[in-house]
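Inspection log for the structure reproduced underneath, given as structure tokens.
Read the figures in this text as sums done on the coordinates, not as results from a lab. Please read these numbers as outputs of a predicted model, since none were measured by experiment. Backbone-built Cβ (ideal geometry, glycine too); neighbour counts: all protein chains shown.
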Amino acid sequence: MSLLHAHGFAVAVNTARTLQEVKQYCRAYGLAGGVAEYGGVLWDALTDREKVLVSSESLQHLAKVRAALRQIPGCFVNDDYQYSIRAFTYQNDRTAPLPPLLVQDLLAGLQVDRLRAHHTGLDTAVVAKETDKGIGLRSLLDFVGLPSVDVFAIGDSEPDLAMFRVASASFAPGNVSCRREAQLLGSYIADSSFQPGLLEIAKRIAHPQGGTCHRCQAIEADWRKNKSLYVSLLNAADQKPIRLLLRNLLKPTLLSTFKK
């Protein structure tokens, strides 16, 4: 984020998370705004304006499904989502998506033909058919009065493909779950995964021909000097789990705890 900001790029998020989470991201990272709930609603951080992209008919269908899901034993609904539904169950002490056949039968039985379901590894999302991340991106640009040229999109999952189709260029970290589809759209796939992959992408956006500049060097120097808890957590997240385990096991303070 610091690298993109330093090179004059305006950054917005396009996410499945709630509108309130989008606002928190924008305030924490200095972002220009964003799209929430798979394209269901957008927010301009500069003017504090928001726009709902889900039709009133689809909102009524969502309300019917939300009420029905709450009647199913072992099914839990996240009430923070207003323009989509996030529901889950528990398996092996962690959240899990609902059985696809259950969701399919529920939508058919309620005759809510304006909705579709998307299953992730952690939960099930029910969203309006008229929205997706691509429509959300285009709507955000129109809302703030920006042209769609020179818009870069970064994502790592199947719902991001709709956003890739709208953007002038798209990028994905090495852990992208839809690699083949992203490549067919001409997306650049980073060699690294997760945070290192995102850093690789940011560097490529800032310097398409490679190389670096004084702004890049200043960001790198500031990052290394930063000893805050937040930066420490990000550094820990970048490391391999086995390496972290071995390093911590060899700490004298930890070994002394077991000796006592």
Applying 1/(1 + (r/R0)^6) with R0 = 25 Å to the Cβ-Cβ distance of residue 146 and residue 193, what FRET efficiency is obtained, to the nearest 0.05? 0.25
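Nearest 0.05, what FRET efficiency do residue 236 and residue 207 give at R0 = 45 Å with Cβ-Cβ as r?
Values: r = 28 Å, r/R0 = 0.62.
Given R0 = 45 Å and the Cβ-Cβ separation, E is 0.95.
Sort the chain into rounded, prolate or oblate with this rule: let a ≥ b ≥ c be the square roots of the eigenvalues of the Cα gyration tensor; rounded if a/c is under 1.5, and if a/c is not under 1.5, prolate when a/b is larger than b/c, oblate otherwise. Walk me through the intermediate numbers first.
Numbers: a/c = 2.00, a/b = 1.24, b/c = 1.62.
It comes out oblate by the Cα gyration axes.
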Roughly speaking, what is the stretch gain from residue 63 to residue 225, that is 0.36 nm per residue apart minus the C-alpha to C-alpha distance, in nm to one decimal? 53.3 nm
Given points 7 Å out from each Cα along the Cα-Cβ axis, report the residue 165 to residue 217 separation in nanometres with one decimal. 4.5 nm
Estimated 222 nm signal from helices in the chain, with DSSP H stretches of n ≥ 4 weighted -39500 (n - 2.57), rounded to 500: -13000 deg cm²/dmol
Quick one: which residues, 5 or more positions from residue 17 or on another chain, have an amide H under 5 Å from its amide H? H modelled 1.01 Å from N in the peptide plane, none for Pro or chain starts. 37, 38
Let me know the shape class of the stretch 20-82, please: from the alpha-carbon gyration tensor, a ≥ b ≥ c as square roots of the eigenvalues, rounded when a/c is under 1.5, otherwise prolate if a/b is greater than b/c, or oblate. oblate
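If I take R0 = 25 Å and measure r between the Cβ atoms of residue 183 and residue 96 in this structure, what FRET efficiency does the formula 1/(1 + (r/R0)^6) give, to the nearest 0.05? Walk me through the numbers on the way to the answer.
Values: r = 30 Å, r/R0 = 1.19.
The calculated FRET efficiency here is 0.25.
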In whole Hz and in residue order, list the ³J(HN,Hα) couplings for the stretch 55-67 that follow from phi through the Karplus curve 6.51 cos²θ - 1.76 cosθ + 1.60, θ = phi - 60°; x for Gly and Pro. 5, 5, 5, 5, 4, 5, 5, 4, 5, 5, 5, 4, 5
In whole Hz, what ³J(HN,Hα) sequence does the stretch 156-173 give by Karplus (6.51, -1.76, 1.60; θ = phi - 60°), x for Gly and Pro? 9, 8, 4, x, 6, 4, 4, 5, 4, 5, 8, 6, 6, 8, 9, 9, 8, x
